[in-house]
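Here's the structure, in structure tokens; my notes come after.
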Amino acid sequence: MSKDVNIDWSNLGFSYIKTDLRYVSIWKDGKWDEGMLTEDNILHISEASTALHYGQQCFEGLKAYRTKEGKIQLFRPDQNAKRMNNTNKRILMPEIPEEKFIDACIKVVKANEAYVPPYESGATLYIRPFMIGVGDNIGVKPAEQYIFSVFCMPVGPYFKGGLSPVNFTTTAFDRAAPYGTGMAKVGGNYAASLKPHKTAAENGFADCIYLDPKTHTKIEEVGAANFFGITKDNKFVTPKSESILPSITKYSLLHIAENYLNMQVEERDVFIDNLDEFKEAGACGTAAVITPIGGIEHNGKLHVFYSETEVGPITRKLYDILYGIQFGDVEAPKDWIVEI
Ligand code: PLP
Ligand code: COI
């Protein structure tokens, strides 16, 4: 019997909550140590750590879900491990073995089982793996030591609306350069996003839409989520670009649209001046799940898709299948679910 944590599950936002235990492993002398769980949520690192000065760090995000039967499961953690390793290669950090990554996530969820929200509470356990370059290192070069850590906390919806549509606005800022680190999950991309996000929020939008950094004519991302649109002839379309973070939710939706809903799917350019081709649009990601896009403001004009107040029927179907798979109510494709 796990302890009682006294949390109001249905009123959680997306905020930090200190849970009981986190996993920490150190890379030193060319190898990872065993790793361990600790109660300590404070890191003690050198002031000359590359993570602090040169942004040599990265993170991931995935969730644990409580099923109707009370079991706990992870959604595609192998994909997060692979993406973290792609990021690591880009910024010269050591790779983390996939089994070690998944095992660390499982250990952390088990150790904090009391914080996994109940089925149908509207909340989930968000898992945050990250890696940082540490040690004494003032030159601009890769660190010689690294910390890999995983912590978790229960969360509610990332965007306020849940499955109610929210509006977004385009921004003149970029989160990443054309051949920079847009496809890697490094903190620098998120530092670049703080100001445009703040401006968008001050103007009443949920977040901003990033356009392609080379020409500013094509949609790339929706804040910390990917974009998808449903065309008037029922195709599932999502942008393709080197500077987009490859969203695991997006690739899952491409599979769901094609194999569960028999839709045609396309990864291709999505021009901001051609939003009329879509009857529905949405933002997708681990934190965002599927958030319907009511409208997008661009050059002072708001383009409304299905409705500013109601979710469209295809977005709703995609959501129900994705949610059903994640919570164990719909049969998942092979290897998508890891039971804990
Ligand atoms: N794009 C950005 C910039 C993100 O931070 C995220 C969140 O991880 C996503 C897209 C969605 O990716 P995923 O579906 O793997 O969570
Ligand atoms: C996620 O969906 O896991 C993200 O990384 C979004 C986030 C930056 C809160």
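No lab work stands behind these numbers, since they all come straight from the coordinates. Treat the numbers as computed from the prediction; the structure is a model and nothing was measured. We place every Cβ from the backbone using ideal geometry, glycine too, and count neighbours over all the protein chains shown.
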Summing +1 per Lys or Arg and -1 per Asp or Glu among the other residues with Cβ less than 12 Å from GLU120's Cβ gives +1
Among GLY312, ALA192, LEU163, the residue whose Cα sits farthest towards the positive end of the charge dipole of the chain, when +1 is placed on the Cβ of each Lys and Arg and -1 on the Cβ of each Asp and Glu, is ALA192
Per the helix-only model, the chain has a calculated mean residue ellipticity at 222 nm (DSSP H runs of ≥4, -39500 (n - 2.57) each, divided over all residues, rounded to the nearest 500) of -7000 deg cm²/dmol
Helix 313-326 sits off the longest principal axis of the Cα atoms of the chain, rounded to the nearest 10 on a 0 to 90 degree scale, by 20
Between the Cα axis of helix 248-259 and the main Cα principal axis of the chain, the angle (0 to 90°, nearest 10) is 50
Per residue, the convex hull enclosing the alpha carbons of the chain has a volume in Å³ of 134
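Lys and Arg at +1, Asp and Glu at -1: add these up for the other residues within a Cβ distance under 15 Å of ILE96 and post the number. It would help to have the intermediate numbers written out before the result.
Numbers: positive: LYS28, LYS31, LYS82, ARG83, LYS89, ARG90, LYS100, LYS107, ARG128, LYS185; negative: ASP33, GLU34, GLU60, ASP78, GLU95, GLU98, GLU99, ASP103.
With Lys, Arg at +1 and Asp, Glu at -1, the net is +2.
Please go through the stretch 301-340 and write out the trypsin sites (Lys or Arg not before Pro) that DSSP classes as loop and that have at most 13 other C-beta atoms within 10 Å. Kindly include the intermediate steps, with their values, before the conclusion.
Values: sites: LYS301, ARG316, LYS317, LYS334; in loops: LYS334.
In loop regions of the stretch 301-340 (DSSP not H, G, I, E or B), the sparsely surrounded trypsin sites (Lys or Arg not before Pro) are LYS334.
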Helix 187-202: inclination vs the chain longest Cα principal axis, degrees, rounded to 10, gives 40
Once Lys and Arg are counted +1 and Asp and Glu -1 for all other residues with Cβ under 12 Å from that of GLU267, the total becomes +1
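Once you have a ≥ b ≥ c as the square roots of the Cα gyration tensor eigenvalues for the stretch 9-155, tell me rounded if a/c is under 1.5, and otherwise prolate or oblate according to whether a/b is larger than b/c. Before the final figure, lay out each step's value.
Values: a/c = 2.21, a/b = 1.93, b/c = 1.15.
Prolate shape, in that a/c is at least 1.5 and a/b is the bigger ratio.
For the stretch 96-205, rounded, prolate or oblate, judged on the Cα gyration tensor with a ≥ b ≥ c (square roots of eigenvalues), a/c < 1.5 rounded, else prolate if a/b > b/c?
Details: a/c = 2.65, a/b = 1.05, b/c = 2.54.
Here the stretch 96-205 falls in the oblate category.
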The size of the Cβ-based charge dipole (Lys, Arg +1; Asp, Glu -1) of the stretch 166-326 about the Cα centre, to the nearest 20 debye, is 260
Any GluC sites (Glu not before Pro) in the stretch 86-120 that lie in a DSSP loop and have at most 12 other Cβ atoms within 10 Å would be GLU120
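Taking the stretch 189-229, which trypsin sites (Lys or Arg not before Pro) meet the DSSP loop condition and have no more than 16 other C-beta atoms within 10 Å?
On the way: sites: LYS198, LYS214, LYS218; in loops: LYS214.
Here the sparse-neighbourhood loop sites are LYS214.
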Here the percent of antiparallel bridges among DSSP beta bridges lying wholly in the stretch 166-326, to the nearest 5, is 70
Given the candidates LEU302, ALA123, PHE75, the one whose Cα lies deepest towards the positive end of the charge dipole of the chain, counting +1 at each Lys or Arg C-beta and -1 at each Asp or Glu C-beta, is LEU302
